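Asker: Below is one structure. I have some questions about it.
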Amino acid sequence: MVHTGIYTGRSPKDKYIVEEGSTKDNIWWGDVNQKLDEEIFDELFSLVKNFYNADSSKTYVFDGYGGDDKDHQLPIRIIAKKSWQAHFANNMFVRPHKNELKNFNPEFTIINASDISNSEYINHKMNSETFIVFNLKKKIAIIGGTEYAGEMKKGIFSVLHYLLPMKNILSMHCSANVDLQNKNACLFFGLSGTGKTTLSTDPNRLLIGDDEHGWSENGLFNFEGGCYAKAIRLNKDDEPDIYNAIRHGALLENVVYDENTHKVDFDDASKTENTRVSYPISHIENSLSFKGLPSTSGHPRNIIFLTCDAFGVLPPVAKLDQEQAMYHFISGYTAKVAGTERGITEPVATFSPCFGGPFLTLHPLRYAELLKSKMASYGSEVFLVNTGWVGGSPSSGASRISIKDTRTIIDSILNKSINKSNFNKDDVFGLMIPNKLDGIEDHILNPINAWKSKEEFHLESKKLSDLFKENFIKYGNQVEHLKVGGPF
């Protein structure tokens, strides 16, 4: 168990990419990918090297891979001064076989110098003394001022988001599972609160991975060798797989525990709501890794975009065509619910491009184009699944769609029985909605039928439709042609 100091989460405003010849015209520059001059990087790199050279304590090195596909994995090296940070890397990245270390040659290195900070940050026109800087030309990232281990995990994810699309490999922020014969792979995209972890954990299917994946000509592959799960309010009944994964080798971050008994109080959020635990994915018994198999599979038959719609106007399930899939992939919609955060009294729409905006390095259109290409090449079908409300918003007294109904919908997608239904197009979003599914009450399938007031339904639909359109403007003229996949 470790405490990560003042930073118990990522510091997105302190993340930078060095602007140089190879990145200048490729990176999607902005709030997520901030520019930094090469000269400033060189200064900070010297600061990091001087720290390591002056410190006589042990240095820890992890060599391994980002990606479990032998044809496309990235050899990485993590250098740290804290043993637990190296242990985190050993948990989270793909661990090499002993014979692979003999002539190991890293193609990207992260040097973690969390004990030092940048006192010149004002002169450098940076956000704070903390820095997470990626130099893609030199294949090095440096970290200072924050101990939070997630910076290393998501740092390699960002690098893969840059490198793999150039090889026509789609990098994705999603979970993935397969049937017990390692066939019929399915991808689950969704922001926090949509049920991604819960729904991709299925006793009748095996987990490929829970967070980061690639889709190459070989099929799907997990980027990671571990899981980095939220631990706040964790209990054995609700999340048995995660709870049971906390055994020898697991690393708990920022949890509160009794110093005498070492018993963890998972309900205590006095340090942070973002308590975490990392562990090798083989700790999940219902995973390919636990079976001794690589975390890879064939091409996905189905892709599911999860949303928790608190406006109550999206259907429990809809089938998307290619343009709609690209539009909703770039939009990455869910909603915050009234009452869950201070000051929120009405549903608040949240959009994150490609369901992972903080980690994208290229324009979202590049990933959407790859998605379209993969769908066309391998016949994958895409469905939008709403795990939120139908028939009204939470404040109106409407109920959230039951997890039982959502699992029934997911099963109908996986076994293709949903394709036996007749589909009707809705008038606002142009979504194709099935009119009948075994085990689901007909009236909730098309949300307008579940609302008492049709007028209120149309008002809320218009409100959400306008939010989609407003959000899509930020992606520029490059995506103008995809508006046909959005609301009318």
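Asker: Order these peptides, 197-204, 429-436, 140-147, by their mean beta-carbon neighbour count within 10 angstrom, highest first.
Answerer: Details: 197-204: 17.0, 429-436: 18.9, 140-147: 22.9.
For the peptides 197-204, 429-436, 140-147, the packing ranking is 140-147, 429-436, 197-204.
Asker: Counting other Cβ atoms within 10 Å, which trypsin sites (Lys or Arg not before Pro) in region 23-61 have at most 16 and lie in a DSSP loop?
Answerer: Passing both the DSSP loop test and the Cβ count: Lys24, Lys58.
Asker: Post the alpha-carbon centroid distance, region 73-112 to region 125-195, in whole angstrom.
Answerer: Cα centres, region 73-112 to region 125-195: 16 Å.
Asker: What is the angle, in °, between the Cα long axis of helix 322-331 and the longest principal axis of the Cα atoms in the chain? Nearest 10 is fine, range 0 to 90.
Answerer: The answer is roughly 50 degrees.
Asker: Which percent of the Cα-Cα distances in the chain go past 36 Å?
Answerer: 31 percent
Asker: So how far, in whole Å, is the C-alpha centre of region 366-408 from the one of region 214-274?
Answerer: About 26 Å separates the Cα centre of region 366-408 from the one of region 214-274.
Asker: Could you give P(r) for region 354-488, binned at 5 Å from zero, as whole percent values over all Cα-Cα pairs?
Answerer: Each 5 Å bin holds this share of Cα pairs: 2, 8, 14, 18, 19, 17, 14, 7, 1.
Asker: Now for a separate question. Students often get this wrong, so check it: of Lys230/Lys319; Lys82/Lys139; Lys425/Lys483; Lys153/Lys230, which have C-alpha atoms separated by over 19 Å?
Answerer: Among Lys230/Lys319; Lys82/Lys139; Lys425/Lys483; Lys153/Lys230, the Cα-Cα distance tops 19 Å for Lys230/Lys319; Lys82/Lys139.
Asker: So if we plug the beta-carbon distance of Glu285 and Tyr378 into 1/(1 + (r/R0)^6) with R0 = 30 Å, what FRET efficiency do we get, rounded to 0.05?
Answerer: The computed FRET efficiency comes out at 0.55.
Asker: Output the antiparallel fraction of DSSP beta bridges having both residues in the chain, as a percent to the nearest 5.
Answerer: Working: 53 of 81 bridges.
In the chain, approximately 65 percent of DSSP beta bridges are antiparallel ones.
Asker: Something else: For helix 454-472, report the angle its Cα long axis makes with the longest principal axis of the Cα atoms of the chain; keep it between 0 and 90° and round to the nearest 10°.
Answerer: The helix 454-472 is inclined about 30 degrees to the chain.
Asker: Shifting gears a bit: If you stretched the chain out fully between Asn50 and Lys452, how much longer would it get, using 0.36 nm times the residue separation minus the C-alpha to C-alpha distance? If you can, show how the numbers build up before the last one.
Answerer: Numbers: separation 402, 0.36 × 402 = 144.72 nm, distance 6.83 nm.
This chain segment gains 137.9 nm when fully extended.
Asker: Using only the alpha carbon atoms of region 12-167, find the Kirkwood hydrodynamic radius as the inverse mean reciprocal pair distance, in angstroms to one decimal.
Answerer: Working: mean 1/r = 0.0623 Å⁻¹.
Hydrodynamic radius (Kirkwood, Cα pairs) of region 12-167 is 16.0 Å.
Asker: Pairing the Cα long axis of helix 364-378 with the longest principal axis of the chain, what angle in degrees results, from 0 to 90 and rounded to the nearest 10?
Answerer: It works out to around 60 degrees.
Asker: Further question on the same structure: Per-residue ellipticity at 222 nm for the chain, helices alone: DSSP H runs ≥ 4 residues times -39500 (n - 2.57), over residue total, nearest 500 deg cm²/dmol? Write out the running numbers ahead of the final one.
Answerer: Working: 10 runs with 112 residues, N = 488.
-7000 deg cm²/dmol, from helical runs alone.
Asker: Also: Among Ile444, Ile473, rank each residue by its count of other Cβ atoms within 10 Å, from fewest to most, as a rough exposure measure.
Answerer: So the residues, fewest neighbours to most, are Ile473, Ile444.
Asker: Could you line up Ile122, Ile76 from fewest to most neighbouring Cβ atoms inside 10 Å?
Answerer: Arranged by neighbour count, lowest to highest, Ile122, Ile76 become Ile122, Ile76.
Asker: Same structure, new question: Along the principal axes of its C-alpha atoms, what lengths does region 172-297 span, in descending order and rounded to whole Å?
Answerer: 51, 29, 23
Read-outs throughout are calculated quantities, based only on the coordinates presented, and are distinct from any laboratory measurement. Keep in mind it's a predicted model, so treat the numbers as computed, not measured. When we count neighbours, we look across all protein chains shown, and the Cβ atoms used for this are built from the backbone with ideal geometry, even at glycine.
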